[in-house]
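Heads up, the thing below is written out as structure tokens.
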Amino acid sequence: MTALPSTSLRAGFAIVKKEWRSITREKTIVIAITIQLFVASFSSALLIGLLSLYDPESISVNARMNLRVGVVTSDFNTPLARYLRDGNLRVSLFADAADATRAFERRAIDVMLVVPPDTLEPVEMKMILPRSETFASFILLILREPLKRYENSLRQERGVVVNYTEVPGQPDTTFQFLYSVIIPMLMLFPAFVAGSLVIDSLSEELETHTLETLYSAPLSLNTIFAAKIFAAFVVALAQCVLWLALLRLNRIDIQNIGLVLLLAAFIAATNIVLSAFTATTLHDRERSQFVYSLFIVIATSVSSVIDAAPIQMVTRLATGDYYTGIADVAKYALVFLVALVIFFRVTKKMVVV
Amino acid sequence: MRNILTISKRELTRLRARVGGDARATFIAFALGALVLAWFTLQSPPTIGAGIYRVGVSPDAPEIRDGRFSIVILDRATGVARLNQKAIDVFVDGAQVLTRGDDKSLYAAGALKRYLEKRETARVNAEFDLAHAFPLRIEVNYFDAVNAAQSFAEMLATPTPALQSTAAPASASDAAVREQIREAASGALPQIKSLTDRQIVVPSLTTPPNPFGQVILAFLFILPVFLVSVFFTSGFMDEKTNRKLTMLLSAPITPFQIIIGKMLPYVTFSLVGVAVIAVATRGDPLLALAIFAPAVCFIFGIYLIVPMLYRTFKDTTFISMLATSVTTAYLITPAMFSGISDLAYMSPITLAVKMYRNEPFGLQEYLFAATPLVLIFALALYVSTRVLNEEYLMGFRPIHRKLADAIFLIINRDHLSASIFVLSLLLIPLVYVAQLIALAISLNLPTTLMIGAIMGVAATIEEVAKSAGIAVLHERGLLRSTRQMLVLAFLSALGFLAGEKGLLLVTLSAVSQSRIAGVLFNTGLLPVPLAAHFVFTSIVCLLTTRFRVRYPFAVLVGAFAHALYNLILIRGIQ
């Protein structure tokens, strides 16, 4: 069936509009956006909260200043006291353990360290913590760095040299999580959603035989498919733009923002074409969605060992990696084009209307 | 029972027709391939932040093997030039680490520092004897402040646990150090032992390893369940699109039998999967079954609701997606805190983590994880049996109408008061989930806006939960008088409060030692919140029934009053 290009374009656009109407009317898109917001916010709140449990440097100076450490020692010049003070902790020195115990009973100190004199034998220190799970683990966390420094000074006295103890640096938990989990997730999730969307849209037409009605209109099969693919693609792209805008509003610095968006767009487009291929091959939603979810599992597994995988690419572009640029995005564009050509060549034969 | 098996057989025939024929072999191969691949990937838990930093190293620097760093070998001059050019983030020149001073460079150095520290510990351990490599051993004791002196004397009188197990007194704490080296190398989760234990720690060995590994491994059990769930939901949808459900419902068979029958093959498959995965990962299959059976039921319970509400394919997909993400969050989140807080036992995955660590757990912990899951499953079953009728399932109505119809079908018209009380009580878990989602999303807002927004949304959710049943009764003309409405509003408030406090009690009994307990229990006398709940619910119901205000607006007014009350309460406490 041939149609004039302009008629076919108009008819194609009518399908695009119908697709958009269906996802806005049914509030599907609201659910999709809610899921993404929920997953992103929840995982960041959770992981950043959780990681900070293991990250003493993320604890504020104020919280440290309120922690009082009692050290029982015969040597008031012990380097341990200096390291503790360097860590912004309040230190009281005691010559007698009984005095320190009394201070602990009065709650004048929160934690007590009993340090035996250094005889070049292993130093067996005793630490007395309050019997409260949360508080005790908090104290342990804060004391870790000063104690490590003390351990290194003891090693040095015993002729053991430890390198890289004075490397300058900042705790990178938040940075790492933001650029390698949150931003890639927000850029790739719309692609995942759009793939699902196109499968539903196509398999519903195939299962309820409404594709025949569409086909009898002055439309070629390829126009129908192209319209459905385009509709899903725009939805994905709009979400990516929305996420990037939100990230910028939160003052999160994203380098190469245009390339990040372009990359996300090609990945979404490729995924949509592959999903459409699945739906037109298998004809029903049940099997298509199943194969699609398996495909996502496989793709995620495989991509975790490939250096140029989507997640890493988004991370590198967003952090302004020197060696990553338009050439890498072009590779994804090529993959998309190949997928698209194969799809339009093969699908027509698959769908017998 | 026979009816159930007949339905199961029918479901299997349907499934066989779906994946049958030539496609079957390809299908199975594909599924197996995916599982094997996922399994291999999970052998080494994925690195968060793969390839995020570029690190230049001089030829004499130590080898860096970590997925986060992409390594380039450079001589000193080129290294410094590349660093200033921003082509690399940090340059390791022998025993020295050079940075550029900007944020990204310092983050890279921070990450590298931790990596190198670990490496240095391993090197020192390999090159020196134990006494030189680990010269500091700390015995950790937990005392109550009240009789610290007595505890101190007792501590000095009894030898440390390590001493008892070691023959030579010269290596007093060596055994403990060796144990920690082994633990650090095996990548076990960090553990905070019981507060009555005395344990020996070595500062450089306390670096906590990646806590996600075992949680992800435990999640492997759940993954196949999510994958087959699409067939389960489709099972119902097929019946609907093919109009076969009408036939089924007219047969001498109860909705309960239909649901269980259709669920049975998938639940069986999932449980077999759990046992197989347990064997493959060297876990105990029986223990794994005990741990995951409630979770499997819970997931299918949630998925059972999806086709009941569905209108189009897209809806089914997205409601399923929402169900998957919320369920995953519920199961994974608490497990991340295993060993840190007892609240972690909310999730059966925590128990699985314990299983892999060969640590015992008691019946109480098991019940704490399993009971809520089984209860939600039972609730989903009950609701589904009530709404499983042709008129409800085939209707194409907006989602809020569908929900209203479902509420009407759940209510027992002969016992209105009891129904309203139980409805409010049973909605509590849903209210909590909805509030949790709202809370998570509100974290994106600026702090000042966030508190207002979350209080408003939380109050709205609660008001809907308490008044929806009464509003539905009013709509169907089942409310006779304002007095009856007020009585129902009171019962609804009572049910809600009972559910709220009940849930709190269950949670607190498990975490009674934590500090949260004190804060949560300090909510004042019960009559005050009861009166408050009653007043707000009455406002919504009165506005809807007497003043003909549209329900959404009535809810907003009630929620506004509720939020205001909460705000005053918080101000008062401050």
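Taken together, the values in this text are just the output of simple stated rules run on the coordinates, not laboratory data. Nothing here was measured: the structure is a model prediction, and the numbers come from that model. Please note: Cβ atoms are built from the backbone with ideal geometry, for glycine as well, and neighbour counts cover all protein chains shown.
Using alpha-carbon positions, what is the distance between the centroids of segment B:108-144 and segment B:377-398, in Å?
60
Report the FRET efficiency, 1/(1 + (r/R0)^6), for A:Asn66 and B:Tyr432, where r is their Cβ-Cβ distance and R0 is 35 Å, rounded to 0.05.
FRET efficiency, A:Asn66 to B:Tyr432: 0.55.
Let me check against my output: what whole-number percent is the relative contact order of segment B:53-127, with C-alpha pairs under 8 Å and at least 6 apart?
It rounds to 28 percent for segment B:53-127.
Before anything else, pin down the relative contact order of segment A:193-339: Cα pairs under 8 Å, at least 6 apart, normalised by residue count, whole percent.
36
Largest first and in whole Å, what are the equivalent-ellipsoid semi-axes of segment A:235-324 based on the Cα gyration tensor, each being the root of 5 times an eigenvalue?
Ellipsoid half-lengths, sorted descending, are 29, 16, 10 Å.
Treat segment B:265-342 as a sphere of radius equal to its Kirkwood radius over Cα pairs and apply Stokes-Einstein at 10 °C in a medium of 1.306 mPa s; give the translational diffusion coefficient in µm²/s, rounded to a whole number.
Using the Kirkwood radius from Cα pairs, D works out to 112 µm²/s.
Tabulate in residue order the Karplus-calculated ³J(HN,Hα) for segment A:222-233, using 6.51 cos²θ - 1.76 cosθ + 1.60 with θ = phi - 60°, rounded to whole Hz; enter x for Gly and Pro.
Working through the residues one at a time gives 4, 5, 4, 4, 4, 5, 5, 5, 5, 4, 5, 4 Hz.
Among the lysines, which have Cα under 18 Å from the Cα of B:Lys244 when same-chain residues fewer than 8 positions away are ignored?
By straight Cα distance, B:Lys244 reaches B:Lys9, B:Lys262.
Of the cross-linked pairs A:Lys148/B:Lys118; A:Lys18/A:Lys228; B:Lys118/B:Lys354; B:Lys354/B:Lys501; A:Lys148/B:Lys113, which ones have a Cα-Cα span greater than 18 Å in the structure shown?
Pairs exceeding the cut-off: B:Lys118/B:Lys354; B:Lys354/B:Lys501.
Regarding segment B:289-399, what whole-number volume in Å³ per residue does the convex hull of its Cα atoms give?
105
Calculate, for A:Asp86 and B:Asp103, the FRET efficiency according to 1/(1 + (r/R0)^6) with r their C-beta to C-beta distance and R0 35 Å; round to the nearest 0.05.
0.90
Note the direction-averaged projected area, equal to a quarter of the hull surface, for the Cα convex hull of segment B:335-416, in nm².
If I average the Cα hull's projected area over directions, I get 8.6 nm².
Between Rg and the Kirkwood Rh of segment B:53-127, both from Cα atoms, what is the Rg to Rh ratio?
Radius of gyration over Kirkwood radius for segment B:53-127 works out to 0.96.
What nm distance separates the two modelled labels at B:Ala149 and B:Leu443, each placed 7 Å from Cα along Cα→Cβ?
It works out to 4.7 nm between the two label points.
How far, in degrees from 0 to 90, does helix A:326-350 lean away from the longest principal axis of the Cα atoms of chain A, to the nearest 10?
Result, in degrees: 40.
Be a star and scan segment B:437-474 for residues whose amide nitrogen sits under 13 Å from the point 7 Å along the Cα-to-Cβ vector of B:Leu379.
Residues B:465-466 fall inside that zone.
Please report, to one decimal in angstroms, the Kirkwood hydrodynamic radius of chain A built from all distinct Cα-Cα pairs.
The answer is 25.0 Å.
Per residue of B:173-179, count partner chain C-beta atoms within 10 Å of its C-beta, then hand back the mean as an integer.
Mean partner-chain Cβ count within 10 Å for B:173-179: 1.
Mind pulling the angle between the C-alpha long axis of helix A:133-157 and the longest principal axis of chain A? Nearest 10 degrees, somewhere in 0 to 90.
Helix A:133-157 sits roughly 70 degrees off the main axis of chain A.
Once you have the Kirkwood Rh of the protein assembly as shown from its Cα pairs, apply Stokes-Einstein at 10 °C and 1.306 mPa s and quote D in µm²/s.
Translational diffusion coefficient: 51 µm²/s.
Measure off 7 Å from each Cα along the Cα-to-Cβ vector at A:Ala95 and A:Thr210, then give the distance between these two points in nanometres to one decimal.
Roughly 9.1 nm, to one decimal.
B:Phe40 to A:Asp307: FRET efficiency via 1/(1 + (r/R0)^6), r the Cβ-Cβ distance, R0 25 Å, to the nearest 0.05?
Step by step, r from the Cβ atoms, then E = 0.90.
Over segment A:58-157, with a single point scatterer placed on each C-alpha, what log10 of the ratio I(q)/I(0) does the Debye formula yield at q = 0.23 1/Å?
-1.35
For segment B:259-300, report the translational diffusion coefficient in µm²/s to the nearest whole number, using Stokes-Einstein at 37 °C, 0.692 mPa s, and a Kirkwood Rh over Cα pairs.
Rounded, D is 316 µm²/s.
Across peptide B:543-549, what mean number of C-beta atoms from other chains lies inside 10 Å of a residue's C-beta?
The per-residue average across the peptide is 0.
Expressed in nm to one decimal, what extension gain is obtained for the pair A:Ile326 and A:Val30 from 0.36 nm per residue of sequence separation less their Cα-Cα distance?
103.3 nm
Just subtract the alpha-carbon distance of B:Val528 and B:Thr6 from 0.36 nm times their residue separation and send over the number in nm, one decimal.
Extra length available between B:Val528 and B:Thr6 comes to 182.5 nm.
With each label point set 7 Å from Cα along the Cα-Cβ vector, what nm distance links B:Ile568 and A:Arg106?
Placing both labels 7 Å beyond Cα along the Cβ direction yields 4.5 nm.
Averaging sequence separations of C-alpha pairs under 8 Å and six or more residues apart, then dividing by the length of segment A:58-157, give the relative contact order as a whole percent.
30
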